[in-house]
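Rule-based calculations on the coordinates, nothing more; no lab input. This structure is a prediction, so every number in the text was calculated from the model and none was measured. For neighbour counting, all protein chains shown are included, and Cβ atoms are generated from backbone atoms with ideal geometry for every residue, glycine included.
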Ligand SMILES: C[S@@+](CC[C@H](N)C(=O)[O-])C[C@H]1O[C@@H](n2cnc3c(N)ncnc32)[C@H](O)[C@@H]1O
């Protein structure tokens with residue numbers, strides 16, 4: 001069974017860029033609270049195509065730096081492309097697993113992890129424990145994750161109604177926790193961090209024609225593991241095309257959780 005299930009296409013990279021823009025607009029308070037500011041040293045672990053890493057690099061400016069950590073070859077190749085296109089000199093990439101990044105202990109002001117824990121069932125605490133070792137005293141671990149079971153949609157195509165549900169069940173069958181967002185505060189506290197912020201919001205997303213949700217990037221993995229049939233995929237592909245042509249855009253409501261844990265300024 002493959003470790004990770006989302007294929008990286010241009011459509012996927014566009015989706016990640018959109019998510020990064022949403023994060024910048026919607027997380028200003030949390031980004032400031034965590035210490036994302038000029039000069040900060042940041043790690044973005046499980047960075048995927050690095051769409052957020054480059055935005056963080058812009059925020060920390062030339063005196064700060066960002067290291068994107070990613071395990072998968074395909075995502076890392078996409079990340080290299082996104083970083084090169086950004087023209088930024090203060091982002092570097094490193095290939096490593098999230099639970100053993102090889103980054104220096106206590107070397108970061110902020111360690112961010114977005115949408116990674118939902119793919120790492122059973123290893124969530126080991127990963128967050130490792131992230132906690134990477135921040136300096138007073139530094140912060142910044143986690144973002146979802147509750148896949150809480151996604152809602154209006155004006156969607158009826159043929160897509162079962163898609164999100166099938167995706168949540170697919171993750172659960174792999175031992176992943178589709179509701180891991182609800183546990184971010186507990187994971188940070190168990191890693192010995194002071195939970196300074198833990199919030200949840202419903203993100204409202206009106207998809208532009210051509211954009212696809214994460215489940216669509218997982219279709220090959222779902223098919224390979226027998227979680228869906230080719231008939232399902234054909235039916236959903238046709239529904240996405242109808243949706244792209246429809247005058248009324250569907251709106252997706254996706255619950256998103258952000259947890260920030262701070263390492264004590266002076267370890268006792
Ligand atoms: C859903 S993507 C999120 C990408 C990015 N954080 C963002 O929000 O734009 C998850 C990424 O984490 C990577 N990933 C998942 N588990 C990992 C692990 N244990 N170690 C390193 N990378 C991991 C995947 O390869 C994938 O690129």
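Results, tabulated for the structure shown:
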quantity: Cα-based radius of gyration of segment 166-261 once divided by 2.2 N^0.38 Å, which approximates compact folds; calculated: 1.37
quantity: Rel. contact order, % - alpha carbon contacts under 8 angstrom, at least six apart, segment 66-216; calculated: 21
quantity: By average C-beta atoms within 10 angstrom, highest first, the peptides 158-164, 78-84; calculated: 78-84, 158-164
quantity: The chain: relative contact order in percent, alpha carbon pairs under 8 Å with at least 6 residues between; calculated: 23
quantity: Descending semi-axes in Å of the chain, equivalent ellipsoid built from Cα gyration tensor; calculated: 31, 20, 18
quantity: Cα-only Debye scattering, segment 104-249: base-10 log of I(q)/I(0) at q = 0.16, 0.19 Å⁻¹; calculated: -0.91, -1.10
quantity: Crossing angle, helix 73-86 versus the chain [Cα axis fit, 0-90 degrees, rounded to tens]; calculated: 70
quantity: Rounded tilt (10° steps) of 163-173 against the dominant C-alpha axis of the chain; calculated: 50
quantity: For segment 90-149 versus segment 19-78, the gap between their alpha-carbon centres in whole angstrom; calculated: 12
quantity: Overall Cα dimensions of segment 75-157, principal axis frame, Å, largest first; calculated: 47, 34, 22
quantity: Mean separation of Cα contacts under 8 Å (6+ apart) over length of segment 1-120, as relative contact order %; calculated: 29
quantity: Rounded if a/c under 1.5, otherwise prolate or oblate - segment 7-149, Cα gyration tensor axes; calculated: rounded
quantity: Between helix 124-134 and the chain: long-axis angle, C-alpha atoms, 0 to 90°, nearest 10; calculated: 30
